[in-house]
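Please read the structure below before turning to the comments.
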Amino acid sequence: MNNHPLHHRIALITGAGRGLGRELATAYAAAGASVICTARTQSQLNKTVATIEAAGGTACAYACDATDETQVQQFFEAINDKFERLDIVFLNAGGAEGEELPIAESDFTAWKRIVDMNLSTAFLMGRGSLPLLRQGTDPKIITMGSGLGQAPRIGASAYGCGKAALSLFTKALAMELLPEGITVNELIPGPVGTDPDGFEPHYVEEGVFKGEYFKNPADIIPLAMFLATQPSHGPSGQTFALNRRLL
Ligand SMILES: NC(=O)c1ccc[n+]([C@@H]2O[C@H](COP(=O)([O-])OP(=O)(O)OC[C@H]3O[C@@H](n4cnc5c(N)ncnc54)[C@H](OP(=O)(O)O)[C@@H]3O)[C@@H](O)[C@H]2O)c1
């Protein structure tokens, strides 16, 4: 049982098709959870599920654009038919699309797309998960923040604004759900290498990330497991960061 701290838990993980989401899904499944994986790209989700099942775990996948209210509604209708509750919801979907242009040169549509990818995904998936979470045991939401949402960086305004708003969304939702015993916390991973073709962890010697350590996806799992195993009287509305610089 100690080797399976998430035994009997049902976990929804957004952005589980690759990168940190896939790492979270496989780790939670290895800890005993049944994992519901979602992202837009079905082929990547299938790979996550195949990896989990090959290791003896339980997972399923649903393709869904988490910025599209109709698709999110259909997604929750589908899982409602199959699952009677959710215990853990990890709102991990998000990211950037490479280096952004300075604000003065930004295209509004592209700028909004990045904000949406990091904020609306969490709003729609978080809100949609509440009816099932209310049936869960020690129910919890974990959001995936970023140090770039805590301090400005040139060339990352949309991503930073999306993550800054996500951080406040985490706290607002935590306050609203406190009376119901549903906790909401933010995990900030710091820089992580997610290249599927291989990656060497390393210290950053210069630039704005000087002093940071580019870690492996597996390095975020102990904190992700800590947050997934807290009781409902545990922390809520908090940010837990693995950075090595002042945020
Ligand atoms: N890697 C880092 O250094 C780092 C540092 C700080 C924070 N983070 C955060 O950690 C999270 C995961 O990052 P990552 O590096 O693993 O990124 P990634 O490899 O690009 O994975 C992002 C995941 O989110 C999904 N996604 C993106 N937009 C979506 C949408 N509209 N609807 C549904 N799913 C969507 C992607 O799948 P589809 O494209 O198929 O939809 C993918 O599965 C992100 O929130 C990121 O901002 C990462």
Sort largest first and round to whole Å: the equivalent ellipsoid semi-axes of the stretch 10-241, each the square root of five times a Cα gyration tensor eigenvalue. 26, 20, 18
Quick one: compute the contact order of the chain, relative version, from alpha carbon pairs under 8 angstrom and 6+ residues apart, as a percent. 17 percent
Convex hull around the C-alpha positions of the stretch 15-138: the volume in Å³ per residue is 110 Å³
Quick check: the distance between the Cα centres of the stretch 167-212 and the stretch 76-92, to the nearest angstrom? 23 Å
What's the longest bit of the chain with no exposed GluC sites (Glu not before Pro), using DSSP loop states and at most 14 other Cβ atoms within 10 Å as the test? 100-204
What translational D, rounded to a whole number of µm²/s, comes out for the stretch 1-70 from Stokes-Einstein when the hydrodynamic radius is the Kirkwood one over Cα pairs, at 20 °C and 1.002 mPa s? 183 µm²/s
Summing +1 for each Lys or Arg and -1 for each Asp or Glu, what net charge is found among the other residues whose Cβ lies under 14 Å from the Cβ of residue 39? +1
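No lab work stands behind these numbers, since they all come straight from the coordinates. Source: prediction; values computed, not measured. As a convention, Cβ positions derive from the backbone with ideal geometry for all residues, glycine included, and neighbour counts pool all protein chains shown.
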